[in-house]
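Novice: Structure provided below as structure tokens; questions to follow.
The values are calculated or read from the model by the stated rules, or taken from the named source; none is laboratory data. Computed from a prediction, not measured in an experiment: that's the story for all the values here. Don't worry about glycine lacking a Cβ; one is built from the backbone with ideal geometry, like all the others, and counts go over all protein chains shown. To get the accessible areas, we keep the full protein, side chains included, count just its heavy atoms, and leave off ligands, DNA and RNA. Shrake-Rupley method; radii C 1.70, N 1.55, O 1.52, S 1.80 Å.
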Amino acid sequence: MSGQTLDLTVIVPELRNRGLLPADTAGVFASGSMVRGWGNETSDVDVHVITGSLRESSIAETGHVSLEPNILTYERIYVNGRRWDIEYWTQSQVDQLLAKVTWEAYDSPDSPWSTLSRTELGMLERLPYAAAADDGGWLSDVQQRLRDSAHRVIMVGISLRESDGLVEDAAGQLAAGDVHSAVIAARLAFNHIVDALQAHEGQFGSLWPKWRARRMTLINSKVLTLETYWAAETMANFDSENPGAWVEDTIGLCRKISSELEV
């Protein structure tokens, strides 16, 4: 199944013509569904501009990160009817972000990676399959630094911990007779264990659950086949007269996958 893609060569000229490319720009890249070939008529374009200094936003929209400076700025434009979301990061912010996922950080008792904000996690999940809109020098260096870091191990661990906690919740709720809560917890646990499995295989995207099935088609996992995944994702074996059986099966599946992942 293929989708719409993006002509990367139009990005820099479009930004320059609109005055959205600062003089101290170090790198420009795109990410998201349009880069991965999963786009459609309503997909937006995610553009990231890396600068030397913090840029002010003309739309007064900012995001917050656990970095210095602690904000990101944005622009939103429309090109041929398609929305472009432009996110500005400073080089220093990216360096600080990468420092949180080094092997030294991973081994540190202070666990710097535990301060990752949602926006920072999003950048870490986008970078591995981002596509340069310029000469690619800056992006290539950052992607290599990520590959050499504890990035994958950290991302797997984050999802594993979420899943394991929810598995215990589901088991406890089921034992207490709170079946409705147990079903929800088991469902959430499965989502997180799939994210962990996909991150283990280099397919990051826990913040974009709508693409889980797409990512499953790419990893060809023996731990969780596409057919088994889809049956659990769609709750195909759920029996409203005996929901506890589905909870137990899902808990067992989560535990099996967890035991197979090496972090």
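Novice: How high is the relative contact order of the chain, given as a whole-number percent (alpha carbon pairs under 8 Å, six or more residues apart)? The partial results should precede the final answer.
Specialist: Details: 376 pairs, mean separation 39.6, N = 263.
Computed over the chain, the figure is 15 percent.
Novice: Turning to a different aspect of this structure: Counting only protein heavy atoms and a 1.4 Å probe, tell me what percentage of the chain's accessible area is made up of carbon and sulfur.
Specialist: Numbers: 6240 of 12830 Å².
C and S atoms contribute 49 percent here.
Novice: List every residue whose amide H lies under 5 Å from the amide H of residue 133, counting only residues 5 or more places away in sequence or on a different chain, with H placed 1.01 Å from N in the peptide plane.
Specialist: For residue 133, whose amide H was placed from the backbone, the distant partners under 5 Å are 28, 29, 30.
Novice: Still on this model: By accessible area of protein heavy atoms, probe 1.4 Å, what ranking do 197, 226, 8 get, highest first?
Specialist: Details: 197 0, 226 75, 8 50 Å².
Solvent-accessible surface, decreasing: 226, 8, 197.
Novice: What GluC sites (Glu not before Pro) does region 157-263 have in DSSP loop regions with at most 12 other beta carbons within 10 Å?
Specialist: Values: sites: 162, 168, 201, 227, 233, 241, 248, 260, 262; in loops: 201, 241, 262.
Hits after loop and neighbour filter: 241, 262.
Novice: A further question follows. Given that compact globular proteins tend to follow 2.2 N^0.38 Å, what is the ratio of the alpha-carbon Rg of the chain to that value? Walk me through the intermediate numbers first.
Specialist: Numbers: Rg = 20.4 Å, N = 263, 2.2 N^0.38 = 18.3 Å.
So the Cα radius of gyration is 1.11 times the expected 2.2 N^0.38 Å.
Novice: With a probe of 1.4 Å, find how much accessible area the chain has per residue, and write the answer as a whole number in Å².
Specialist: Averaged over the residues of the chain, the accessible area is 49 Å².
Novice: Using a simple spin-label model with points 7 Å from Cα along the Cα→Cβ vector, what separation in nm is obtained for residue 135 and residue 23?
Specialist: Between residue 135 and residue 23, the label points sit 2.0 nm apart.
Novice: In nm, to one decimal, how far is the modelled label at residue 53 from the one at residue 4, with both set 7 Å along Cα→Cβ?
Specialist: 3.8 nm
Novice: Restricting attention to region 1-86, which GluC sites (Glu not before Pro) occupy a DSSP loop and are surrounded by at most 10 other Cβ atoms within 10 Å?
Specialist: Filter output for region 1-86: 41, 56.
Novice: Using Cα centres only, tell me the gap between region 90-141 and region 227-263 in whole Å.
Specialist: The two parts, judged by their Cα centres, are 33 Å apart.
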